[in-house]
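Okay, structure first, notes after.
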Amino acid sequence: MNEVTRSILKQLEQTSQEYWNISSQSGNFMNMLIKLMKAKDVLEIGTSNGYSGVWIADALKETGGHLITIEFWEKRQCLAREYFKKCGLSDIITCKTGSAYDVIKDEIKQEFDLIFIDANKQEYIKFFEAVHPLLKKGGVILADNITSHAKKVAPFVEAISNHEEYQVQILDLPDGMLMAYKI
Ligand SMILES: C[S@@+](CC[C@H](N)C(=O)[O-])C[C@H]1O[C@@H](n2cnc3c(N)ncnc32)[C@H](O)[C@@H]1O
């Protein structure tokens, strides 16, 4: 990671509560996982101001990959675009504006190596149903706020944990991160 990207991440960490960003530990974990998996195609549901997107795309720069990230709050996505540009990551990120479920159903026609779910917690189950067909075998779903919003995400956690095509583990990262490997 270059100095500019590192300092933008540090800057964004000052406002992480306001923008509901993941923890730096979770960002660092995703960055390493993408490099370990040599993941190329990543989908993110919930861009906010781009904090997690910077962690993801920084790893994709190394693997030669691409990130599609979805956000319905335009003001936040504008901020994200600015930070992606400052980090020199704009070329490898496609920002889609709109309601994630509709965008996935209407606009996303490709498969992914990794899908990161971090938007409205009650919709996790709906997002899962929409993205399941888009995840390659051997691919990974990550979902944040599994322990911090346990009640709201319970239908999703139950569905994916009982799904025969997934091996699931909840990781002890801040807020709880679910990792599911597609068999
Ligand atoms: C927890 S924040 C994402 C934080 C971001 N992943 C990060 O760590 O930097 C969730 C974001 O998802 C957006 N969001 C929530 N529900 C959504 C939906 N159904 N479709 C699109 N965006 C949604 C919210 O506006 C919010 O900015």
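Quick note: the coordinates plus some simple rules give every number you see, no bench work behind them. All of these numbers come straight from a predicted model, not from anything done at the bench. No Cβ is skipped: glycine too gets one built from the backbone with ideal geometry, and neighbour counts run over all protein chains shown.
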**Message:** Return the pair list, or none, for Cβ contacts closer than 6 Å from residues in segment 143-170 that are among the basic types (Lys, Arg) to residues that are in a helix (DSSP H, G or I), at least 6 apart or on different chains.
**Reply:** LYS152/LYS121; LYS152/GLN122
**Request:** Quickly run through segment 46-68 and pick out the residues that are among the hydroxyl-bearing types (Ser, Thr, Tyr), under 14 Å from the mean Cα position of the chain (by Cα) and either farther than 16 Å from THR5 by Cβ or more than 11 Å from the ligand (Cβ to nearest atom) (or both).
**Result:** THR47, SER48
**Fill in**
Given the conditions (1) assigned to a helix (DSSP H, G or I); (2) within 15 Å of the chain's Cα centre (by Cα); (3) within 12 Å of the ligand (Cβ to nearest atom); (4) in contact (Cβ under 8 Å) with a residue 60 or more places away in the chain, every one holds for LEU33 apart from (3)
**Request:** Could you look through segment 123-154, keep only residues that are part of a helix (DSSP H, G or I) and within 9 Å of the ligand (Cβ to nearest atom), and pick out the one that is farthest from TYR83 (Cα to Cα)?
**Result:** LYS126
**Prompt:** Does segment 165-175 contain at least one residue that is in a helix (DSSP H, G or I) and either crowded, with 16+ Cβ neighbours inside 10 Å or of a type in the set (D, E, K, R) (or both)?
**Reply:** no
**Message:** Within segment 37-53, does at least one residue satisfy the condition of being in contact with a helix residue (DSSP H, G or I) (Cβ under 8 Å, 6 or more places away or on another chain), basic (Lys, Arg) and in a helix (DSSP H, G or I)?
**Reply:** no
